[in-house]
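Have a look at the structure below, then the notes.
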Amino acid sequence: MVLRRLITSQRLDDGLVSSAKGVEPCCMCLGAVVAVSALWFLFFTESVYFAETVELERVQAEVYEQECSGQGAEGEIPSGSVVHLLNCPVTGRLSFSAEDRGLEFLQDFEENMPKGSFGTGAYFQVHIQQFTRRRSSEWRDIVGAGSLTAGFTIAHDVHIGVFSASEEVVEAFPDSPVQLHPSSQYKQEAAMFSSAQAPYTSKNMQVWDNVLYTSDPKSPYDDDIKLWFTVADAKSVSALTTESSDELFTWRIDKQDVNLTRVEAGAVTTKTMIEVVQQQFSDNARDGRVIGILTFWLATFLLVFPAYACDIMDNNTKDAAGDCGAICRALPLSMVPSTVIIAMSWSFLRAPSQTLAVGAILMTICTVLAFAPGMRSARPQLASLVGPPSAVLAQQGPVEEGLGELERPLLLPSEAEDEMPCARPQLPADGSPPLVHVEEAPPTSDPAAEAEPANPGCHPTLHLIFVGMAVGFAVSVLGGIVLAMTSD
């Protein structure tokens, strides 16, 4: 049985692009662009996750426990260090109402809002989302709709214990929803689409679970609006931030511009807060890794199997099994560069110079191996080893003279062996060797047999694997150089 290769030697010999037909070269170009983008995305996703992991490991050993009164439990705390404040009181909170700047539009929702004050806290936030069916049926955040405006209204003199909190730290406070009430003036007319139009008020928006909707929340229409409010009303919090000169700032990884600040209501230990941060980063890295690998899998399919990809895009289902097989066979090829990217990105932040040097060396080695003579083709050179029958006979030389009597007669075809007479080869009168007639086998007309030799070998697959590894190392080296330049 002839084993099917990931790709035939004939295509490698002729060139992947030059052997493509019709729109297949365009499909391969698209795959190349998607492949590089996916590997680039995968490299930086892994780099950010690794940087976050290293920072969390460092903080677990170096975080300072700070008293709410400003006296460090471990003595004097260096400026700019990461500190943990445990269950400290929050002062400087404001009582928010429609009279505050930026919240004037809430006068139109007087019947829905709490009487008097909307709530007392470190900030008041307005959330606005719009429903869309254009790409997927989902609610999306928007900055405004009509007179509605999303955003924060922050108290500017918030303190955690004796420490002044910056606006970025205040925005990290936990919040709770503002309790809303149904309006007696609300009226929704039956229609095939939402009848609510700007200006939005309590008359054309209904309350459902402390959220205002322009129509039925269970069956929203396209461009429907939902509106709700939250207030950071915690009276005491635990915080994981950086402290400098009695002021609290965000805890960040500057190279990746990642904010690690955590503020929780009540008493929360350092270990618990770091575990929550680490779990969030792990979830983000997992999602990015899955997106990157799946995207590169698609790119590999477009690059290596453009004919199958074109069939799928043309909705040609005549060879559905072959299409599925090609998609599955593209997965192992896509995993090779993806694994290289993940390993290189994790290694880079531990030893950047050594990783760049090793990556450059391995990229060169893989490139040489991929395009080395004999690697791109496993087609056996039968023509040089076994020639046509006439050539074989010519190489055998003359038959010995004086054959004499044959020890065993040649049997001629016959239905009955007992009726088959004995026969002797007729030797030429001049004593020259007898002529032996050998019929040559007719040439095969099966194109699959021409494309696939009886012993396909594994060299074409190795060629693609080494090419993938070379591309993975190349993207890793380039990404490492970019990270090194941006960090400086």
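The values are calculated or read from the model by the stated rules, or taken from the named source; none is laboratory data. Quantities reported herein were computed from a predicted structural model and do not represent experimental measurements. Note that each Cβ is placed from the backbone with ideal geometry, even for glycine, and that neighbours are counted across all protein chains shown. The protein model used for the area step is the full one, side chains on, heavy atoms only, and it has no ligands, DNA or RNA in it. Shrake-Rupley method; radii C 1.70, N 1.55, O 1.52, S 1.80 Å.
Name the single residue that is farthest from Tyr221 (Cα to Cα) among those in region 109-124 being surrounded by fewer than 19 Cβ atoms within 10 Å (Cβ to Cβ), touching a residue at least 60 places away in the same chain (Cβ under 8 Å) and not hydroxyl-bearing (Ser, Thr, Tyr). Full working, then the answer.
Just the residues of region 109-124 that are surrounded by fewer than 19 Cβ atoms within 10 Å (Cβ to Cβ), to begin with: 110-111, 114-117, 120.
With the extra rule that they be touching a residue at least 60 places away in the same chain (Cβ under 8 Å), the set shrinks to 110-111, 114, 120.
Subset that is not hydroxyl-bearing (Ser, Thr, Tyr): 110-111, 114.
Numbers: Glu110: 25, Glu111: 25, Pro114: 28 Å.
Among them, the one singled out is Pro114.
Exactly one of these conditions fails for Arg376: (1) at pLDDT 50 or above; (2) open to solvent by 40 Å² or more (accessible area, probe 1.4 Å). Give me its number.
Condition (1) is where Arg376 drops out.
Is at least one residue of region 69-90 open to solvent by 30 Å² or more (accessible area, probe 1.4 Å), at pLDDT below 90, at negative phi and in contact with a Gly (Cβ under 8 Å, 6 or more places away or on another chain)?
yes
Which of the residues belonging to region 135-159 are of a type in the set (Ser, Thr, Tyr) and open to solvent by 60 Å² or more (accessible area, probe 1.4 Å)?
Narrowing region 135-159 to residues of a type in the set (Ser, Thr, Tyr): 136-137, 147, 149, 153.
Within region 135-159, Ser137, Thr149 qualify.
Looking at (1) in a helix (DSSP H, G or I); (2) at pLDDT 85 or above; (3) under 29 Å from Asn87 (Cα atoms); (4) open to solvent by 30 Å² or more (accessible area, probe 1.4 Å), which one does Met273 not meet, given that it meets all the others?
(4)
Given (1) at pLDDT below 90; (2) open to solvent by less than 70 Å² (accessible area, probe 1.4 Å); (3) under 27 Å from Tyr186 (Cα atoms); (4) more than 34 Å from the chain's Cα centre (by Cα), identify the lone condition not met by Thr132.
(4) is the only condition that Thr132 fails.
Of everything in region 342-353 that's assigned to a helix (DSSP H, G or I) and in contact with a helix residue (DSSP H, G or I) (Cβ under 8 Å, 6 or more places away or on another chain), which residue is nearest to Gly288 (Cα to Cα)?
Looking only at region 342-353, we keep the residues that are assigned to a helix (DSSP H, G or I), and these are 342-348, 352-353.
Restricting the remaining residues to those that are in contact with a helix residue (DSSP H, G or I) (Cβ under 8 Å, 6 or more places away or on another chain) gives 342, 344-348, 352.
On the way: Ile342: 12, Met344: 16, Ser345: 14, Trp346: 15, Ser347: 18, Phe348: 18, Pro352: 22 Å.
Selected residue: Ile342.
Of the residues that make up region 239-246, is at least one among the aliphatic types (A, V, I, L, M), touching a residue at least 24 places away in the same chain (Cβ under 8 Å), open to solvent by 20 Å² or more (accessible area, probe 1.4 Å) and within 22 Å of Glu55 (Cα to Cα)?
No.
Can you tell me which of Ala38, Ala51, Ala20 is outside any helix (DSSP H, G or I), buried (at least 17 other Cβ atoms within 10 Å of the Cβ) and either modelled with pLDDT under 80 or not aromatic (Phe, Trp, Tyr) (or both)?
Working: Ala38 fails: outside any helix (DSSP H, G or I); Ala51 fails: outside any helix (DSSP H, G or I).
Only one candidate qualifies: Ala20.
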